[in-house]
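Chemist: This is the structure I want to talk about, given as structure tokens.
The values are calculated or read from the model by the stated rules, or taken from the named source; none is laboratory data. Given the structure is predicted, the values throughout are model-derived calculations rather than measurements. A quick note on method: Cβ atoms are made from the backbone with ideal geometry, for glycine too, and the neighbour counts reach across all protein chains shown.
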Amino acid sequence: MRSGLLPDWEPRRGAVTAWRASRSSKDAVRAAATEPAHPSYIQRRHFVDAAGAQTGKRRSSFAVVTFDIHDAYDERLVAEVFRDHLRRHSVYHTWVEHDGGGYTGRTIAAEDIEVEIDPAVGGVMEADALRAYVDGDLPDIAEWDMFRLIAIRPEETPDRFTLAFVVDHFYSDGVSLGIVLYEFVTAYRAARSGEQPRLPGVEGYHAYCADEKDHCDELTWTHDDVQRWAQLLVRAGGHLPRFPLPLGLSEHVHVPGRGHMIESAVDAAALDAFAEVCRGAGGNLNSGVIAVASMLDAVVTGNPVYSMLTPVSTRSRRSQILSVGWYTRLVPVQFARAEDPLDFAAVIAGAQRGVEESRAFARTPLHRVLEVLPSAGGEAPPTDFAAPMISYLDLRSLPGNNLPVTHDMHVYGSVDDSREVFVWLNRTPQGLDVNVIHPDTETAARSTAAYTDAFVAVIASIARHGRVDPLEIAPQLDALRTAAGREAVAA
């Protein structure tokens, strides 16, 4: 599975059809009664970011998930699959607005959702024109229908076509994009056979938001969840994590993001060997990659405590497993550095404890905590914070885990303003993909290149020897120190 930013998307040349919500659907949602709405805290962050945009559309980030359908193209059936997906998931049913005093929403009945072909698109389109359509046509936060479906039909493959589902991140976390693939492939295959798709029932996202609201309304300075965050921030020096290398940005300055991806940066055999070492030391691959990141941080900064944010899934009930929405929260992983920062056995022991302790943070949104902390006179990072993130995901464990490979799934994000570095580590049957998004500056490009080179080199060394060989990775660590502006030292 390849991922990147929208400019990286190179769709095959072919005849294009695009669908959007019908005019009758948009009229229905506008006519719906206005009621108090309770979007999740991470949705609110997307809403605020979009509403506060200084240039262009008032839009948060969006994603494009593309995949191939190995069957003949049937325009009517594709439209029905798209419509049924929108009807199935309640996250798409409410048009959220903010009136200055709070959030309100207009909710459309599922059966009133219909789709129509967008007349602005048609015929054979080149890649640049298709990318421009996606970037220019998707509505902003002031509208409801922040989703599109595109079909691309190359002449040379009449028995195969590509679908591209475009959605604002207000509606969708990363796992939801995999759910889109699973649903569309399953439903289209069934429809072509004249059958109803066998999709399990899903819980509506509104129920999840209601649970979050009830919990967040109870939070005060003395609540255990708030106290955990307060203590963690003290140990971290009063601030959220920061990428350890320079990015070439002044404080509070935003620049467009830029991405680079290394497919199978660690091949399957080496990754299996690394995972075995992790298990032998009492950890797993998740704590293993966190341990490697902490080793690089220690080499560069010498900080006595390592802190990093990582996303965790909050799909805790079976009925939520295939539900589209934002079932993700950021949790902190924090632990003291080992006496020898390159002693992997000692480092992963701390990382494993940090990962296990991070589970206690999963129930409470960080953004809500940052609202509560100042109420007691304490200091807290701003709610519009920028902090790095490391995400590890074993794609093999997802529903329909073979589908991303067999259907050539790719994910592309919008080019958004960036102040920090985000690292996605995805395990596939072929190995470990490393995807990095960083501010588009020369300094950030050099820093992240040195970081990923060292990251991969450390994993490879551990896979080969069961430990870090300092001599073997000395060139990468020296490059890391050089990027940090520190003098390289002999191993």
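Chemist: Is it fair to say residue 358 is polar (S, T, N, Q), in contact with a Ser or Thr (Cβ under 8 Å, 6 or more places away or on another chain) and either assigned to a strand (DSSP E or B) or free of Cβ contacts under 8 Å to residues at least 40 places away in the same chain (or both)?
Modeler: No; evaluated as a whole, the condition is false for this residue.
Chemist: Still on this structure, please answer the following. In region 388-410, how many residues are under 16 Å from the mean Cα position of the chain (by Cα) and closer than 18 Å to residue 289 by Cα?
Modeler: Total meeting the criteria: 8.
Chemist: If you scan region 140-168, which residues turn out to be in contact with a Gly (Cβ under 8 Å, 6 or more places away or on another chain), closer than 15 Å to residue 64 by Cα and not aliphatic (A, V, I, L, M)?
Modeler: The one that is in contact with a Gly (Cβ under 8 Å, 6 or more places away or on another chain), closer than 15 Å to residue 64 by Cα and not aliphatic (A, V, I, L, M): 162.
Chemist: Here is a further query. How about region 407-422: which of its residues are touching a residue at least 60 places away in the same chain (Cβ under 8 Å) and not charged (D, E, K, R)?
Modeler: Passing the criteria: 407, 409, 410, 411, 412, 413, 414, 415, 418, 421.
Chemist: Hey, can you tell me all the residues within region 236-292 that are modelled with pLDDT under 95 and outside any loop (DSSP other than H, G, I, E, B)?
Modeler: 255, 256, 257, 258, 259, 260, 261, 262, 263, 264
Chemist: Do we find a residue being among the hydrophobic types (A, V, I, L, M, F, W, C), closer than 17 Å to residue 231 by Cα and touching a helix residue (DSSP H, G or I) at 6+ places or on another chain (Cβ under 9 Å) anywhere in region 310-324?
Modeler: Checking region 310-324: not a single residue is among the hydrophobic types (A, V, I, L, M, F, W, C), closer than 17 Å to residue 231 by Cα and touching a helix residue (DSSP H, G or I) at 6+ places or on another chain (Cβ under 9 Å).
Chemist: Follow-up question, since we're still on this one. Residue 347 passes all but one of (1) surrounded by fewer than 19 Cβ atoms within 10 Å (Cβ to Cβ); (2) assigned to a helix (DSSP H, G or I); (3) free of Cβ contacts under 8 Å to residues at least 60 places away in the same chain; which number fails?
Modeler: Every condition holds for residue 347 apart from (1).
Chemist: Sort out which residues of region 59-102 are under 24 Å from residue 320 (Cα atoms) and over 24 Å from the mean Cα position of the chain (by Cα), and write them in order of number.
Modeler: 80, 81, 83, 84
Chemist: Considering only residues that are assigned to a loop (DSSP other than H, G, I, E, B), of a type in the set (Gly, Ala, Ser) and farther than 19 Å from residue 232 by Cα, which ones fall in region 293-322?
Modeler: Residue satisfying the conditions is 316 alone.
Chemist: How many of the residues in region 173-214 are under 25 Å from residue 410 (Cβ atoms) and not in a helix (DSSP H, G or I)?
Modeler: 4
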